[in-house]
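Single-structure report; data block below.
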Amino acid sequence: MDKYLVLAFGGAVGTISRYLVGVYSAKLLGTNFPYGTLIVNVLGSFIIGFFMIIFLEKLSLDPIWRLFVAVGFCGGFTTMSSFSFETLMLLSDGEYLKAFLNVFLNVFLSLGSAFLGIVLARSLGV
């Protein structure tokens, strides 16, 4: 039962964080591009890359923390469904360049961010 509470709490924290990133990115960057989704996907990829290496290779922690971060928080924080919908809406509005940029940036920046998180975590002398 404890793991379900950890997952629920991690998901709640991730979801609220995603909402706040969306609100503030719209205020700071505007709404003409899905910046909030891009930010959470790239940042979430870094977080999962970094912390999974910390959990799997660096520190001997209870596996419940891995569930909290990777499944709970990152699951609630990142969003493939919003990314997919926003891309389709850009296409239906004839915004082909923005749709392409959305796909390209989400995929390649997220992969690069996860890689950076892994490299950074492995470089720590923990």
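Every read-out reported here was derived from the displayed coordinates using simple, explicitly stated rules and does not represent laboratory data. Just so we're clear, the structure is a prediction, and the values are computed from it rather than from any experiment. Here the Cβ positions follow ideal geometry from the backbone for every residue, glycine too, while neighbour counts run over all protein chains shown.
Pick from the stretch 26-40 the residues that are under 21 Å from residue 112 (Cα atoms) and in contact with a Phe, Trp or Tyr (Cβ under 7 Å, 6 or more places away or on another chain): which of them is surrounded by the most Cβ atoms within 10 Å (Cβ to Cβ)?
The extreme case among them is 40.
For the stretch 85-126, give me the residue count where each residue is among the hydroxyl-bearing types (Ser, Thr, Tyr) and farther than 20 Å from residue 35 by Cβ.
In the first step, residues of the stretch 85-126 are kept if they are among the hydroxyl-bearing types (Ser, Thr, Tyr); the result is 87, 92, 96, 110, 113, 123.
From what is left, the residues that are farther than 20 Å from residue 35 by Cβ are 123.
Total satisfying the criteria: 1.
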- Might you let me know whether the stretch 103-113 holds any residue that is closer than 17 Å to residue 19 by Cα and in contact with a Ser or Thr (Cβ under 6 Å, 6 or more places away or on another chain)? no
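Of the residues that make up the stretch 3-12, is at least one of a type in the set (Val, Ile, Thr), more than 30 Å from residue 125 (Cβ to Cβ) and out of contact with any strand residue (DSSP E or B) (no Cβ under 8 Å at 6 or more places or on another chain)? Spell out the reasoning first.
Let us first name the residues in the stretch 3-12 that are of a type in the set (Val, Ile, Thr), namely 6.
Now drop any that are not more than 30 Å from residue 125 (Cβ to Cβ), which leaves none.
No: zero hits.
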By residue number, the members of the stretch 52-70 that are of a type in the set (Asp, Glu) and either under 16 Å from residue 116 (Cα atoms) or assigned to a helix (DSSP H, G or I) (or both) are 57
All-but-one check, residue 63 against (1) more than 20 Å from residue 14 (Cα to Cα); (2) free of Cβ contacts under 8 Å to residues at least 12 places away in the same chain, failing number (1)
_Among the residues in the stretch 56-65, are any of a type in the set (D, E, K, R) and surrounded by 16 or more Cβ atoms within 10 Å (Cβ to Cβ)?_
no
For the stretch 86-126 the number of residues that are free of Cβ contacts under 8 Å to residues at least 60 places away in the same chain, part of a helix (DSSP H, G or I) and among the charged types (D, E, K, R) is 1
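Just need a number here: residues in the stretch 4-32 that are at negative phi and out of contact with any helix residue (DSSP H, G or I) (no Cβ under 6 Å at 6 or more places or on another chain).
Number of matching residues: 15.
Restricting attention to the stretch 1-45, which residues are polar (S, T, N, Q) and closer than 19 Å to residue 105 by Cα?
Pass one, the stretch 1-45, residues polar (S, T, N, Q): 15, 17, 25, 31-32, 37, 41, 45.
Passing the criteria: 25, 31, 32, 37, 41, 45.
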- Could you say whether any residue in the stretch 72-85 is surrounded by 13 or more Cβ atoms within 10 Å (Cβ to Cβ), in a helix (DSSP H, G or I), β-branched (Val, Ile, Thr) and in contact with a helix residue (DSSP H, G or I) (Cβ under 9 Å, 6 or more places away or on another chain)? no
Those residues of the stretch 33-51 which are without any contact (Cβ under 8 Å) to a residue 40 or more places away in the chain and not in a helix (DSSP H, G or I) amount to none
